[in-house]
């Protein structure tokens, strides 16, 4: 993030509780996707805007093809690279709607909910050529700690302070990353 200093905090108290709950919701969401993927025998998921829009298979028909599961009126083929077969649920059919409902049972925990819960939402950092420069907080797990990264405002101050957390220096953050062998 150019021209913006990041501030680093070790999550604690309320912030740690919020981040831990957010991670659990995200993992549950992805597990639901993986369960459906395995059930259908798909090699990959095609995701757009935090939603599964299709299932990718390595062969046509997919291995262990079950005509009762992958019925033509449940899925339609979509154009993709020739080596991949992509089936998109037909959401205007009963079976396709049922599959869509299964995928929607565990909604994706959007970042804005996480930011609202910690009291640190997206911040306007200042004007840019195309409008306003925006930045939002992030987090990563390093060892036993969860590190919150919060953008600095143009005046150099942090955009907020996560409740119950303790600040660390940039050099301490990078030492933690190197210790964990994170991509640096």
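Here residue 136 meets each of (1) closer than 26 Å to residue 31 by Cβ; (2) at pLDDT below 65; (3) surrounded by fewer than 17 Cβ atoms within 10 Å (Cβ to Cβ); (4) in contact with a strand residue (DSSP E or B) (Cβ under 8 Å, 6 or more places away or on another chain) with one exception, condition (2). Residues of region 1-21 that are at pLDDT 80 or above and touching a strand residue (DSSP E or B) at 6+ places or on another chain (Cβ under 8 Å): 6, 7, 8, 9, 10, 11, 12, 15, 16, 19, 20.
The values are calculated or read from the model by the stated rules, or taken from the named source; none is laboratory data. What you are looking at is a predicted structure, and each value in this text was computed from that prediction instead of being measured. We place every Cβ from the backbone using ideal geometry, glycine too, and count neighbours over all the protein chains shown.
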